[in-house]
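What follows is a short report on a single structure.
Read-outs: derived from the displayed coordinates by stated rules, not from any lab. Quick caveat, the model's predicted, so the values are computed rather than measured. Don't worry about glycine lacking a Cβ; one is built from the backbone with ideal geometry, like all the others, and counts go over all protein chains shown.
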Amino acid sequence: MKSDRGDIELAGVCKSFDGATYVVDGVNLKIADGAYCCFIGPSGCGKTTILRMIAGHEDPTAGEIVIGGQNVVGLAPVQRRTAMMFQSYALFPHLTVRENIAFALRVRGMSKADRLRAADAMIEKVRLTQFADRLPAQLSGGQQQRVALARAAITEPRVLLLDEPLSALDEQLRVQMRQELRRMQQELGITFIHVTHTQLEAIALADLVVVMEQGKIKQAGAARDVYAHPHDRYVAEFMGGQNVLSGRVEKVNGASFTLAQAAPDGIEVPLQAHSTVSVGDKVDIAVRRDDVALVRPGKDLPPGCTTSLPSRVRAIEYQGYFVKVMLDTVPDDEFVAYVPEKTFFADPFTVGDVVMATWATGSALPLA
Amino acid sequence: MQPSSSPAQTPPRANLAGWLYVLPLVLVLVPFFVAPILVVLAASFFATDGFGGLTPGFTLASYVEVLHSALTLKLYLATIKFTVLTWIFTLIIGFFVAYFLVFHVRNQLLAIGLFLLCTVPFWTSNIIRMISWIPLLGKEGLINQALLAMGVIRQPLEVLLFSDLAVVIAYVHQLTIFMIVPIFNSMARIDKKLIEAAIDAGASRFDIMRLIVVPMSKSGIALGTIFVVSIVMGDFFVVKVMSGGGSASVVSAFYEDVGVLQYPTAAASAVLLTLVLVAIVSLILRTVDIRQEITR
């Protein structure tokens, strides 16, 4: 019996092209049916290879890929009932929009009238009716993207795989098409797996964000978990929005510990449940950039703040609703405060000013 | 839509640069192509004294003679037969060789190596290549000896050499490369992702070839066809040598005319053949917009 469920399980999936180095190295992951999952990581981290293995365009060297309860390793894409939307779309340049979309039905032997009717319905869904007879080269990037999406969706796959679907578009269109992808996913009600290297894209779209590095999964979870509670320095730095500080544990006192730093009293960090640190350990901590408040020296710290790091303002970038203030708090590392626009302009700093960077003690997050 | 460019919009300097680019080609084509054609065209309208002397003038006598001759039709039919047969075989062989090189040889270095291998026959002259067929196809040749030894035949096959078959074999051997090169070129430009996208959609190997590879190699096929057709129709040497004088072609016939100093009839035949070729080529260009396909 064929399952219509599009839940995916990767079990110990490995891939090596040369037999020596592993592009994908022991990946275990469960993706729920109908989820929007984003794989994110720098280029070469193996995210596209995972996608291609799920699609059936690449065989894993080891491990199992289970879709809807069935191990699909070795099956053709059609048998897996997956469809892939390729990076830069791979539309057939000699076929019109309608023929492109009807292609999969044509090779499945559907009659001409039936397949054109199905294609036209799909064309309407992606709002391309007036372009149905054009060739791909006569369409804009956003329109081509919609054709690619429609072409992949027409076979009613249970999993749709998207390889960097938005990378060929300009910024504005990207945001617009992002919403369209989400809308299509909800409308079709199937599993989407989306590969990207843009953090914003991943957290805006995904139910499940999977951060990868060098063939391994670093963290997988809901967008908010991954962004606000990164496991380690890599995830924190890759997802952005965090300042990462490191230092040695100076003393441990019950629910918190103190990290030795340039600051007069060190940095107080709350202890997470189940985690133990001992004096002398080297620990990374993350502090969200929008949690950092800047206070002029000598003034009182806001309530809840026990740590203050003296810093000099290195650069200031106006970002609209907030101002990005770059500080020299930590040698060799970036330390940035996102100050709300109104707060900043109530008492603006200039480059070279000395400020105290502080944050509510509870918001510092120790990393693995 | 082609953007229309009127001279008024192009700055004169760009115009001059454009002319400079085409100048070398013009310098070659005008004296060595345009001028001879004009001479032939003029000669086709001249009268002759039958001993090589030409009287400048304007007469259609040569054309009337050529068109009225029953031989002309026979010659054209013979030539077209060779052309079509050669075209079919070179197309099939050329297409699959190019397909193999582009889609099945993963290693690019190997593909280039094999590609160069296809040109090996061209490292020697045409005459040598045709002479080389004799020990293979001849009455005492390798094929006949092998077949005799195996007992497949009792008498050596006469049809192998100095026959129409031999003519076609020689043409195919000589011209397949002219199919391979342009088809290879247009196939190599097919994005491999398209093949993958077709597989993803559920296309079989045959579907991919029929719906993706063949339509996207159209320009290469058309170019190769033009090469092969125009070379075969303009050739007399292969026909003469490989048929052992038993067959003739349009060109070999007016080559004979030249030999017996019948310049105006030869010229008229040449003009006629040129017109036929121009018609065929423009028919091919009409079916395939090579210009658009190449700049795509």
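Remarks
- Along the axis of the charge dipole computed for the protein assembly as shown (Cβ charges of +1 for Lys and Arg, -1 for Asp and Glu, origin at the Cα centre), the listed residues A:Tyr89, B:Ser132, A:His229 are led at the positive end by B:Ser132.
- Whole-number percent relative contact order across chain A, with pairs defined as alpha carbons under 8 Å at least 6 apart: 15 percent
- Cα-based helix-to-principal-axis angle, A:141-153 vs chain A, degrees rounded to 10: 60 degrees
- Mean Cα-pair separation over length for the stretch B:184-276, i.e. relative contact order, pairs under 8 Å, 6 or more apart, %: 19 percent
- Shielding by other protein chains, B:187-200, mean Cβ within 10 Å: 6
- Of the residues B:Leu275, B:Phe103, B:Leu160, the one whose Cα sits farthest toward the positive end of the charge dipole of chain B, with +1 on the Cβ of Lys and Arg and -1 on the Cβ of Asp and Glu, is B:Phe103.
- Label point at A:Gln172 placed 7 Å out along Cα→Cβ; residues across the stretch A:108-143 whose backbone nitrogen lies under 16 Å: A:140-143
- Straight-distance crosslink candidates among aspartates and glutamates, where the alpha carbon sits under 15 Å from B:Lys139 and sequence neighbours closer than 8 are dropped: B:Glu158
- In whole percents, the pair-distance distribution calculated for the stretch A:242-366 from its alpha-carbon pairs, binned every 10 Å from zero, is 13, 46, 30, 10, 1.
- For the stretch A:1-49, the list of chymotrypsin sites (Phe, Trp or Tyr not before Pro) that fall in a loop by DSSP and count at most 13 other C-beta atoms within 10 angstrom reads A:Phe17.
- Principal-axis tilt of helix A:112-125 within chain A, Cα atoms, nearest 10 degrees: 20 degrees
- Between the stretch A:166-215 and the stretch A:1-37, the alpha-carbon center distance in angstrom: 18 Å
- Only Lys, Arg (+1) and Asp, Glu (-1) charged, at Cβ; chain A dipole about Cα centre in debye: 1280 debye
- Rounded Å value of the spacing that divides the Cα centres of the stretch A:70-99 and the stretch B:85-151: 38 Å
- Shape of the stretch A:8-233, Cα gyration tensor, a/c cut at 1.5: prolate
- Count Lys and Arg as plus one, Asp and Glu as minus one, and take only other residues whose Cβ is under 10 Å from that of A:Glu164; the net charge is then -1.
- For the protein assembly as shown, the dipole from Cβ point charges (+1 on Lys and Arg, -1 on Asp and Glu) about the Cα centre works out to 1380 debye, to the nearest 20.
- Cα gyration tensor shape of chain B, rounded if a/c is under 1.5, else prolate or oblate by comparing a/b with b/c: oblate
- Note on B:Val34 and B:Asn107: the extension gain reaches 21.8 nm, defined as 0.36 nm multiplied by sequence separation minus the Cα-Cα distance.
- Estimated [θ] at 222 nm from DSSP helical runs (n ≥ 4, -39500 (n - 2.57)) normalised by residues in the protein assembly as shown, nearest 500: -13500 deg cm²/dmol
- Model label points for B:Ile131 and A:Lys324, set 7 angstrom from Cα along the Cα-to-Cβ axis, are 7.7 nm apart.
- Each residue of the stretch A:37-54 was assigned a 3J(HN,Hα) from its phi angle through the Karplus curve 6.51 cos²θ - 1.76 cosθ + 1.60 (θ = phi - 60°); the sequence is 10, 10, 8, 9, x, x, 5, x, 8, x, 5, 5, 4, 4, 4, 5, 6, 5 Hz, with glycine and proline shown as x.
- Range in chain A, longest, excluding exposed trypsin sites (Lys or Arg not before Pro) [loop by DSSP; at most 12 other beta-carbon atoms within 10 Å]: A:128-298
- For the stretch A:60-71, 3J(HN,Hα) per residue [Karplus equation, 6.51 cos²θ - 1.76 cosθ + 1.60, θ = phi - 60°, Hz, x = Gly/Pro]: x, 6, 8, x, 10, 10, 10, 10, x, x, 10, 5
- Prolate/oblate/rounded call for the stretch B:118-266, Cα gyration tensor, a/c under 1.5 rounded: oblate
- Which of A:Pro310, B:Phe115, B:Ala203, positive extreme of dipole for the protein assembly as shown (C-beta unit charges): B:Ala203
- With K and R counted +1 and D and E -1, the other residues having a Cβ less than 12 Å from that of A:His57 yield a net charge of 0.
- Look at the stretch A:104-114: the mean tally of other chain Cβ atoms within 10 Å of its residues' Cβ atoms is 3.
- Note on A:82-89: average number of Cβ atoms from other chains within 10 Å of each residue's Cβ is 3.
- Within-10-Å neighbourhood charge of A:Arg312 [Cβ basis; K, R +1; D, E -1]: -1
- Segment B:Lys81-B:Leu20, length gained on full extension (0.36 nm per residue, minus Cα span): 17.6 nm
- For the stretch B:46-56, 3J(HN,Hα) computed residue by residue from phi via the Karplus equation (6.51, -1.76, 1.60; θ = phi - 60°) reads 7, 9, 10, 8, x, 10, x, x, 10, 10, x Hz, glycine and proline entered as x.
- Radius, Kirkwood style, for the stretch A:1-114 when every pair of distinct Cα atoms is counted (Å): 15.8 Å
- Taking a point 7 Å out from the Cα of B:Ile153 in the direction of its Cβ, the residues of the stretch B:114-139 whose backbone N falls within less than 16 Å of it are B:133-139.
- When chain A is treated as a GNM with alpha-carbon contacts under 10 Å, the residue of A:Ser256, A:Ser167, A:Ser111 showing the greatest mean-square fluctuation is A:Ser111.
- Per-selection Kirkwood Rh - the protein assembly as shown (Cα, Å, 1 d.p.): 31.9 Å
- Kyte-Doolittle at least 1.0, axis length at least 30 Å by Cα - qualifying DSSP helices, chain B: B:70-99, B:164-188, B:263-287
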